[in-house]
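The values are calculated or read from the model by the stated rules, or taken from the named source; none is laboratory data. For clarity, every value in this text was computed on a predicted model and none was experimentally measured. Reconstructed Cβ throughout: ideal geometry from the backbone, glycine too, with neighbour counts over all protein chains shown.
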Amino acid sequence: MSNINAGNNKRIAKNTIFLYFRMAVVMIVKFYIARVLLEALGVQEYGVWNLLASFVISFQFISAPIVVSTQRFLNYDMGQGGNRLTSIFNLSFELILIVSILLTIVLETAGLWFVEHKMNFPPESANSVELLYQLTILSLVFQLVQKPFESIVIAHEKMSFYAYIAFFEVIVLLVITIMLKCDISDNKLIWYGAMNLVLYVTEFLIYIIYCHRRFSCCKFRLCWDRKQAKEIAVFSGWNLFGGLSSMTANQGVNVLLNIFFNVVVNAAFGIATQIRGAINLLIGNLQKAFDPQIVKNYSLGNTARFHSLTFGIITFSYILALVVVFPLCWNIDFILTIWLGNDVPRFASIFSILTLLQMLFVALGGPIDTAIFATGKIKSYQLWLSGEIFLNIVICYILFRLSYGPISAFIVKLLVEVMITFTRLLFLSRVGISFGIVVRKVLLPLLVVSLLSCGIAAAICSYISFSDSWIGLLGSTLIFELLLVITVWGVVLDNDKRQTVIRKVKTIFIR
């Protein structure tokens with residue numbers, strides 16, 4: 001068993017390296033793309049693109065439950081021998097096709113009416129909005145039908161290919177954005193939407209070719225296993241509540257900001273969303289490397305290993321988020337100026353800070369979701385989370401009607417996320433982990449680390465009075481990271497883990 005665990009640990013480490021190399025490239029390039037796109041389109045048209053594209057893409061929440069279900073059933077079946085992989089793949093592909101057709105109908109009817117009659121666009125962009133809307137719908141469809149292939153790649157832990165596809169996507173996006181800045185078209189919004197569509201079609205074809213050649217289960221055939229379809233549909237159905245509520249929490253609030261304010265506020269929301277996406281990418285890559293092993297160990301009944309992986313990924317995800325959250329919050333004005341130049345939208349700084357704080361709690365939630373989903377019993381879990389997440393749009397609407405400003409939306413999102421985190425922790429008892437144990441082994445050590453590292457770093461940086469400059473950014477980051485390493489070493493790691501780290505360091509430097 002120890003040899004198997006060692007092999008799995010090596011696979012996790014290898015996949016993590018691939019995913020973080022992917023993340024580093026994607027994050028850097030996407031941040032640069034955001035700056036170039038803002039310069040090329042201007043604040044108003046950037047706000048139009050962010051609002052319209054995010055409105056359409058937000059409807060992926062309908063497909064997300066099927067993707068999560070596919071991933072869970074693939075990993076679970078692989079732990080049982082992998083006899084039903086072909087059936088699971090074909091069922092998920094058929095369900096995604098059905099969802100894509102239904103979603104297109106909804107977007108072309110109710111969605112189009114909402115865009116034309118309820119959204120607030122500048123008069124000069126009115127002619128571009130309808131065509132851009134159609135292009136984004138087509139882009140969404142190709143992203144949806146690609147999802148079962150992504151699930152197969154991740155289930156087989158082929159993270160190198162997953163990383164290469166991401167490199168291809170961001171490089172092409174970068175070229176498209178630079179071309180946009182070169183005034184290649186009179187209608188920049190339409191041209192950018194069309195080029196995005198071409199990219200997603202190409203990416204979909206690459207996935208088909210790769211999966212068809214590498215995985216025997218990716219053979220297209222009409223397959224309708226009624227029992228298996230029911231299992232996936234029931235699991236997906238309860239996940240749908242979570243997807244719907246998440247969509248309202250993110251894109252629904254964005255639409256409310258547009259209705260009650262203007263596209264400049266949407267531009268600021270878009271910047272905060274970019275930062276949220278980067279942090280999600282940071283912690284998501286770590287979690288993605290662990291997720292297959294968590295589900296497989298649950299399937300095998302290896303409870304000790306399952307609990308160890310769950311505790312470890314919760315802890316590491318939070319620490320990893322904290323690594324970037326403090327430096328970004330402390331230097332947010334300087335970072336936004338370096339990133340976006342002089343066209344930083346109003347509210348972008350405060351939106352970004354509140355989003356970063358929210359991401360600390362989001363980091364705790366992903367591994368808990370995976371652990372609960374491994375059981376397949378998610379009805380009450382999703383009902384509770386969905387109800388709490390849906391509070392975002394309800395409370396924001398009430399506050400906006402009472403003439404509160406746009407900042408209140410992000411305060412609400414932060415407070416609701418805190419409540420959701422505690423609900424998730426309570427549900428860990430479903431997998432044999434009591435709330436008291438997770439508080440003692442995970443939450444209290446992380447709280448001590450956060451208070452000590454952030455508090456001392458803030459005091460030192462305030463005393464030194466770092467200005468908004470590269471020296472201030474590097475100095476505050478160095479001080480915080482040093483304090484974080486010291487507190488993690490002293491509070492989070494036990495003696496066995498410290499000895500393991502020392503042995504690994506000696507292995508690297510003493511050869």
- Message: Among the residues of region 425-435, are any surrounded by fewer than 18 Cβ atoms within 10 Å (Cβ to Cβ) and under 27 Å from ALA268 (Cα atoms)?
- Response: no
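Every residue, every condition in (1) surrounded by fewer than 21 Cβ atoms within 10 Å (Cβ to Cβ); (2) within 17 Å of ILE259 (Cβ to Cβ); (3) not basic (Lys, Arg), yes or no:
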residue	(1), (2), (3)
TRP113	yes, yes, yes
HIS117	yes, yes, yes
PRO122	yes, yes, yes
SER125	yes, yes, yes
LEU140	no, no, yes
ILE152	no, no, yes
HIS156	yes, no, yes
- Message: Looking at region 263-309 only, could you name the residues that are closer than 30 Å to GLU124 by Cα and among the small types (Gly, Ala, Ser)?
- Response: ALA267, ALA268, GLY270, ALA272, GLY277
- Query: Considering region 455-484 alone, what residues qualify as being under 20 Å from LEU336 (Cβ atoms) and not aliphatic (A, V, I, L, M)?
  - Reply: CYS461, PHE466, SER467, ASP468, SER469, TRP470, GLY472, GLY475, SER476, THR477, PHE480
- Message: Of the residues ASN262, ASN280, ASN342, only one is under 15 Å from the mean Cα position of the chain (by Cα) and either surrounded by fewer than 22 Cβ atoms within 10 Å (Cβ to Cβ) or of a type in the set (Phe, Trp, Tyr) (or both); which?
- Response: ASN280
- If we keep only residues of region 295-308 that are more than 18 Å from ILE154 (Cα to Cα) and assigned to a helix (DSSP H, G or I), then the residue modelled with the lowest pLDDT is LEU300
- Task: Can you tell me which residue among SER467, SER476, SER462 is modelled with pLDDT of 75 or more, of a type in the set (Gly, Ala, Ser), exposed (fewer than 12 other Cβ atoms within 10 Å of the Cβ) and not assigned by TED's automatic domain parsing to the domain that holds ALA321?
- Result: SER462
- Just one of VAL67, VAL56 is of a type outside the set (S, T, N, Q), at pLDDT 80 or above and assigned by TED's automatic domain parsing to the domain that holds TRP191; which is it? VAL56
- Item | Subset of region 366-387 [surrounded by fewer than 19 Cβ atoms within 10 Å (Cβ to Cβ) and in a helix (DSSP H, G or I)] | THR375, LYS379, SER380, LEU383, TRP384, GLY387
- Note on the structure: Filter region 403-459 for residues that are touching a helix residue (DSSP H, G or I) at 6+ places or on another chain (Cβ under 8 Å) and not in a helix (DSSP H, G or I); the one that is nearest to ILE350 (Cα to Cα) is PRO406
- Message: Please determine whether any residue of region 413-424 is within 30 Å of PHE73 (Cα to Cα) and without any contact (Cβ under 8 Å) to a residue 24 or more places away in the chain.
- Response: yes
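Condition check ((1) over 20 Å from ALA34 (Cβ atoms); (2) assigned to a helix (DSSP H, G or I); (3) modelled with pLDDT of 80 or more; (4) not assigned by TED's automatic domain parsing to the domain that holds LEU91) across all residues:
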residue	(1), (2), (3), (4)
LEU222	yes, no, no, no
LYS227	yes, yes, no, no
VAL234	yes, yes, no, no
GLN251	no, yes, no, no
ASN254	no, yes, yes, no
ILE259	yes, yes, yes, no
